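To start, the structure under review is shown below, and the notes come after it.
The values are calculated or read from the model by the stated rules, or taken from the named source; none is laboratory data. All values reported here derive from a predicted model rather than from experimental measurement. Every residue, glycine as well, gets a Cβ built from its backbone with ideal geometry; the counts of neighbours run over all protein chains shown. These accessible areas exclude ligands, DNA and RNA; they are computed on the full protein's heavy atoms, side chains included. Shrake-Rupley method; radii C 1.70, N 1.55, O 1.52, S 1.80 Å.
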Amino acid sequence: MTQDTALDMKDVELNEIDPEKQPMAAGAGDSPVGGEKNGVVKVKLDDEDDDIGHQAVKFTGLSKEELLKVAGTPGWVRVRWALLVLFWLGWAGMLAGAVVIIVQAPRCRPLPTIEWWNKGPLYQVGDPATFQDGDNQDGIGDLAGIQQRLDVLSTLKVKGLVIGPLHINNKDDPSGTRLKEIDNKYGTVENFKNLLEAARKKSIQIVLDLTPNYRGEDVWFSQESKDPDSVLLTQVKEAMNFWYEKGVGGIYISGFEKIPNPEELIPELGNITANHSTEGKARLLLLASNVSTNNQLLNILNDTSGVLSTSYLLGKGDESNNTLPERIRQHQGFGEQDKILWSMRPHLGHLASAVKENLLRVYQLLLFTLPGTPLTFYGDEIGLKDLPGQPARGPYMQWENSKNYGFSEVVVGEPNALNTNVSFKAQEEEKGSLLNHFKRLSEFRGKERALLHGDFELLHYNKLALAFARIWDQNERFVTVVNFAPEAETEVSLLHDKIPEQCSIVLSSNPERKEGSSISIKNLKLAPGEALLLKYPYSA
């Protein structure tokens with residue numbers, strides 16, 4: 001069979017109709033109704049005469065000439081003008097409405113310029129010998145050890161580490177003090193450069209302690225600093241330039257209460273700091289004075305950029321806590337609140353050795369919610385205590401519950417009974433720990449505008465309790481309420497015309513209070529040693 005024959009047979013098969021699908025016969029010889037054939041019905045469309053004999057008209061629209069002719073009639077001209085006027089009136093109305101909204105809306109307060117030290121806490125490592133033994137060989141902490149712990153420190157949201165002093169110093173010997181050389185027990189200049197670079201990658205600045213005679217009784221060598229043109233002061237200025245050029249983010253110097261004529265020296269040191277500050281790389285000069293409140297320093301600071309002065313939550317040997325609310329009240333008079341750096345107490349020592357355990361969270365809350373920059377001492381985040389002695393000795397940092405608490409592989413001294421089972425790692429895993437309380441406060445401090453640079457308003461203070469508000473523009477407001485009495489309940493009423501009676505609990509040291517719940521600030525009862533951080537929304 002040829003291909004053509006096969007195609008013809010296919011046509012035949014397709015033209016055959018299934019008998020079941022044949023149309024019903026209309027009768028012999030009758031033609032299908034309506035011209036029906038093989039199941040197909042032809043339908044005649046309305047292009048023929050309709051029922052009443054009129055020819056149907058198909059509308060095809062107006063031609064261009066007809067449209068132009070109609071568009072020019074007076075009626076359509078009036079309609080177009082009316083629509084045009086309505087459009088512009090509507091547009092002008094919307095514009096006027098927008099202008100009214102913008103004019104009547106509350107003005108946003110311009111954000112102040114803040115530097116890295118305003119954005120989070122500083123962490124004072126102090127003597128590296130007690131922080132981490134980097135080589136695990138000699139039981140002495142060093143620069144390499146600090147670098148090893150940067151990952152852990154970054155979880156605290158700290159913005160800077162205050163380290164040292166590191167320089168060579170023979171006790172009370174000015175000629176044996178070399179401010180530009182690192183004591184070899186801490187490492188080398190190369191180790192220091194490595195630490196600077198590693199910290200920079202974590203967005204952490206290094207602030208170097210340059211206190212001259214740190215191993216002696218008088219940190220300024222007594223008579224050596226009495227002359228503003230003394231050799232010692234010249235060395236300090238040269239060392240500041242040297243270390244700024246190495247890349248440090250700041251310089252820390254203590255004992256300024258002993259310097260004569262600080263109003264001359266501080267601006268000069270501030271100028272050195274400013275000269276090394278470039279856009280995006282601001283440097284800090286941090287001055288420490290071993291008195292609780294140094295108004296003279298604060299007055300000088302208001303006229304000097306890039307300089308902070310410490311003020312202490314605990315005074316020298318102050319175990320009573322009774323003067324703290326008064327000291328905080330005194331600081332209200334200083335407009336430049338960001339010039340203050342809050343620390344715990346003048347002489348390096350741990351908070352847990354100075355106050356009762358249930359007050360630790362009170363001071364942490366104060367540290368992070370007062371205006372200014374918080375400075376915390378290593379180990380205070382976990383409640384580490386000083387070792388007994390005169391003066392008390394700083395304990396080794398306890399990182400984990402392993403041999404020597406992870407500080408070193410070699411023996412580092414007698415067992416520390418005061419800090420048994422206190423470690424960073426153990427508290428990380430405990431939701432309600434002091435460490436996690438610290439971390440949450442640090443996080444809030446870094447992200448809430450009211451806590452970063454909000455105004456300070458004192459709401460209540462007496463010997464037992466303190467309350468203040470932090471307010472910034474149209475952002476959420478925060479209220480800090482603390483009870484300093486470790487064993488007594490106290491009651492405060494914080495009713496204020498700008499504060500709603502009901503506030504939300506952000507943080508509480510009292511586990512019986514549910515965070516996120518509402519609380520009345522009228523006749524608020526605080527448990528012994530209770531600290532509360534509350535918030536309420538902005539209301540126009």
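Taking Leu452 as the residue in question, decide whether it is at pLDDT 90 or above, hydrophobic (A, V, I, L, M, F, W, C) and under 16 Å from Ser509 (Cβ atoms).
For Leu452, the condition - at pLDDT 90 or above, hydrophobic (A, V, I, L, M, F, W, C) and under 16 Å from Ser509 (Cβ atoms) - is not met.
If you scan the stretch 390-413, which residues turn out to be at pLDDT 90 or above and outside any loop (DSSP other than H, G, I, E, B)?
Tyr405, Gly406, listed by residue number.
List the number of the failed condition for Pro511; all other conditions in (1) in contact (Cβ under 8 Å) with a residue 60 or more places away in the chain; (2) more than 18 Å from Leu360 (Cα to Cα); (3) surrounded by fewer than 19 Cβ atoms within 10 Å (Cβ to Cβ); (4) not polar (S, T, N, Q) hold.
Of everything listed in (1) in contact (Cβ under 8 Å) with a residue 60 or more places away in the chain; (2) more than 18 Å from Leu360 (Cα to Cα); (3) surrounded by fewer than 19 Cβ atoms within 10 Å (Cβ to Cβ); (4) not polar (S, T, N, Q), Pro511 misses just condition (2).
Looking at Glu501, Glu530 in this structure, which one is within 21 Å of Leu359 (Cβ to Cβ) and touching a strand residue (DSSP E or B) at 6+ places or on another chain (Cβ under 6 Å)?
Glu530
Okay, residues lined up against (1) assigned to a strand (DSSP E or B); (2) under 21 Å from Ser508 (Cα atoms):
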| residue | (1), (2) |
| --- | --- |
| Asn421 | no, no |
| Gly432 | no, yes |
| Asn436 | no, yes |
| Arg440 | no, yes |
| Glu457 | yes, yes |
| His460 | yes, yes |
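I'm checking my understanding of the structure. Among residues of the stretch 419-448 that are of a type in the set (A, V, I, L, M, F, W, C) and without any contact (Cβ under 8 Å) to a residue 60 or more places away in the chain, which one is farthest from Gln137 (Cα to Cα)?
Leu435
Out of the residues in the stretch 112-147 meeting the condition of being within 29 Å of Arg440 (Cβ to Cβ) and in contact with an Asp or Glu (Cβ under 7 Å, 6 or more places away or on another chain), tell me which one is most open to solvent (accessible area, probe 1.4 Å).
Asn118
So which of Ser518, Ser539 is exposed (fewer than 15 other Cβ atoms within 10 Å of the Cβ), of a type in the set (Gly, Ala, Ser), free of Cβ contacts under 8 Å to residues at least 24 places away in the same chain and under 30 Å from Ala105 (Cα atoms)?
Ser518
What are the residues in the stretch 148-171 that are open to solvent by 10 Å² or more (accessible area, probe 1.4 Å) and of a type outside the set (D, E, K, R), if any?
The answer is Gln148, Val152, Ser154, Thr155, Pro165, Ile168, Asn170.
Residue by residue, here is whether (1) over 22 Å from the mean Cα position of the chain (by Cα); (2) open to solvent by 30 Å² or more (accessible area, probe 1.4 Å); (3) among the hydroxyl-bearing types (Ser, Thr, Tyr) holds:
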residue	(1), (2), (3)
Glu409	yes, yes, no
Ala417	yes, yes, no
Glu428	no, yes, no
Phe444	no, yes, no
Asp455	no, yes, no
Asn462	yes, yes, no
Trp472	no, no, no
Glu491	yes, yes, no
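Do you know which residues across the stretch 245-274 are modelled with pLDDT of 90 or more and assigned to a loop (DSSP other than H, G, I, E, B)?
Hits for the stretch 245-274 are Gly247, Val248, Gly249.
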